[in-house]
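J.: What follows is a structure written as structure tokens; I'll ask about it next.
Nothing in this text is a laboratory measurement; each read-out follows from the coordinates by a stated rule. Everything numeric in this text was worked out from a predicted model, so none of it was measured. When we count neighbours, we look across all protein chains shown, and the Cβ atoms used for this are built from the backbone with ideal geometry, even at glycine.
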Amino acid sequence: MRFFLGVLLVILASCSNQARQRQQTDSQGENICRYSKYLGVYKTNKGYQIVIQHPDKKQLQYRFDIMKPADHLAVLSSTHIGMISSLNEERRIAAITDIRYVYSPIVKKRFKQKHIIELQNEASMSVDQLLRSKSEYVVYSAFSGGFSQEKRLKKMGIVCIPNFDWREETALGRSEWILLFGVLTGKVPESIQLFKSIEHAYLQAKKVKLNPAEMISGNVTGDFWYAPAGQSFVAEIYRNSGLNYIYSRTQGTGSLAYSLEKIMKDGARVKIWLNPGFPSKKEIVQVNPKAKSMPFFHHSRIFCYTHNSNKFWEMSTLRPDWLMEDLVQIASGKTTKNLHFYKVVK
């Protein structure tokens, strides 16, 4: 009798577990994200579940069940501000790190009106200031690893969400993080529609045919020239724009660090120089006198975004289509005054 009773309990438990698993699967649905390696967004019976994969720790996933939009958000990167602004939800931004690096006119105005608190630094921000902002969520970029205040804030009911858009390997993978902010602001349909329009424009702007003119990107810092590695999302955009980037076949998704001697040799035939870090040749030479010895300093077309860096850093992650449109014009040699981010460096 005990044997049959035990078997019955096992069967009932098994059925219960299967039913629970089915219910969880049914409620979670499919991942709305199609390009991102690290972000998952799932519709549930009560709202949305956000699943974020840590780029370096495959066993570590962050899961957040979002039942309703947040009234107050602390966003610790300019890209986060750009994404929220694109959804016209600046009123939900309650805290930022540094107003000096903000492009959005509305966010600047709200800061002046004291609706937004400045936290200064992600690594050493004031918890008291954050509490004053009444933020329900803190979205951070984890550039230096974990978030030092996370455990303390969790005890206070504040949820910390890591954003790894900067670790994505494709431009559309980065842009797709707009869906995270769609969930947090209650504008999921709008964020999906916006991303689809960005995706369409980006794919339309892609150019398979390369301009034969060689291009280099970056500038000297200290004794090294830093440039995007060939498997990075930046190199991907260069290829898709028709730019003949001289380091497009290098390995890695981060930055390359090369000696000046190597740059002198490799850049002998360069006709386009992107992102020297300054809006004028005079400023380039003031910071780096050795730039004058680079062959492409005198004979190439030079472009940079530093006449309005805040706009570039706030909007280029979300709008790779705008970035692509700029670079396609630069690659073609037919630039107009209507570039989104870039200007000629003279």
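J.: Quote the relative contact order of segment 206-344 in percent (integer), defining contacts as alpha-carbon pairs under 8 Å separated by 6+ residues.
T.: About 25 percent, as a whole number.
J.: Given H placed on each backbone N at 1.01 Å, which residues far from residue 340 in sequence or on other chains put an amide H within less than 5 Å of it?
T.: Result for residue 340 returns 326.
J.: Could you give the length gained on full extension between residue 51 and residue 283, defined as 0.36 nm per residue of separation minus the Cα-Cα distance, in nm?
T.: Extra length available between residue 51 and residue 283 comes to 79.1 nm.
J.: I would also like to ask the following. R0 = 45 Å: FRET efficiency of residue 255 with residue 113, Cβ-based, nearest 0.05?
T.: Once the sixth-power term is evaluated, E becomes 0.70.
J.: Local charge sum around residue 125 (other residues, Cβ-Cβ under 13 Å, Lys/Arg +1, Asp/Glu -1)?
T.: Working: positive: 132, 152; negative: 98, 118, 122, 128, 150.
Counting the neighbours of residue 125, the net charge comes to -3.
J.: What's the extension gain from residue 31 to residue 262 if we count 0.36 nm per residue and subtract their Cα-Cα distance?
T.: Here the answer is 78.7 nm.
J.: Another question about this same structure. In whole angstrom, how far apart do the alpha carbon centroids of segment 243-287 and segment 296-337 sit?
T.: That distance is 15 Å.
J.: Helix-only estimate, please: 222 nm mean residue ellipticity of the chain, summing -39500 (n - 2.57) across DSSP H runs of length 4 or more and dividing by its residues, to the nearest 500. Don't skip to the end; give the middle numbers.
T.: Working: 14 runs with 135 residues, N = 346.
Value at 222 nm, helices only: -11500 deg cm²/dmol.
J.: Output the relative contact order of segment 30-203, whole-number percent, from Cα pairs under 8 angstrom with separation of 6+ residues.
T.: Numbers: 288 pairs, mean separation 40.3, N = 174.
RCO, segment 30-203: 23 percent.
J.: Looking at the square roots a ≥ b ≥ c of the eigenvalues of the Cα gyration tensor of segment 122-267, which shape do they give, rounded for a/c under 1.5, prolate if a/b is larger than b/c, or oblate?
T.: Cα axes put segment 122-267 in the oblate bin.
J.: On a straight-distance basis, which lysines could pair with residue 155 in a cross-link, Cα separation under 18 angstrom, same-chain partners fewer than 8 positions away excluded?
T.: Straight-distance partners of residue 155: 134.
J.: Below 12 angstrom from the Cβ of residue 291, what's the summed charge of the other residues (Lys, Arg +1; Asp, Glu -1)?
T.: Working: positive: 281, 282, 290, 292; negative: 283.
Taking every Cβ under 12 Å from that of residue 291, the sum is +3.
J.: Quick one: which of 80-87, 134-141, 123-130, 97-104 comes out on top by average Cβ neighbours within 10 Å, and what's the full order, highest first? Intermediate results must be reported in sequence, preceding the final value.
T.: Details: 80-87: 25.1, 134-141: 20.9, 123-130: 14.4, 97-104: 16.6.
In decreasing order of mean packing, 80-87, 134-141, 123-130, 97-104 become 80-87, 134-141, 97-104, 123-130.
J.: For the chain, what does the relative contact order come out to in percent, with C-alpha contacts under 8 Å and a separation of six or more? Show your work: numbers first, answer last.
T.: Working: 616 pairs, mean separation 48.9, N = 346.
Computed over the chain, the figure is 14 percent.
J.: Residue 300: net charge of surrounding residues, Cβ under 12 Å, Lys/Arg +1, Asp/Glu -1, itself excluded?
T.: Surrounding charge for residue 300 is +3.
J.: Amide H of residue 169: which non-local residues (sequence gap of 5 or more, or other chain) have their own amide H closer than 5 Å, using H built in the peptide plane?
T.: Excluding prolines and chain starts, which carry no amide H, the hits are 37.
J.: In sequence order, what are the phi-derived ³J(HN,Hα) couplings for segment 88-95 according to the Karplus relation 6.51 cos²θ - 1.76 cosθ + 1.60 with θ = phi - 60°, rounded to whole Hz, with x for glycine and proline?
T.: My calculation for segment 88-95 gives 6, 10, 4, 4, 7, 6, 10, 8 Hz in order.
J.: Want the number for residue 129 to residue 209: 0.36 nm per residue separation, take away the alpha-carbon distance, what's left?
T.: Computed gain between residue 129 and residue 209 is 23.6 nm.
J.: Quick one: Cα centre-to-centre distance for segment 64-90 and segment 107-132, in angstrom?
T.: 14
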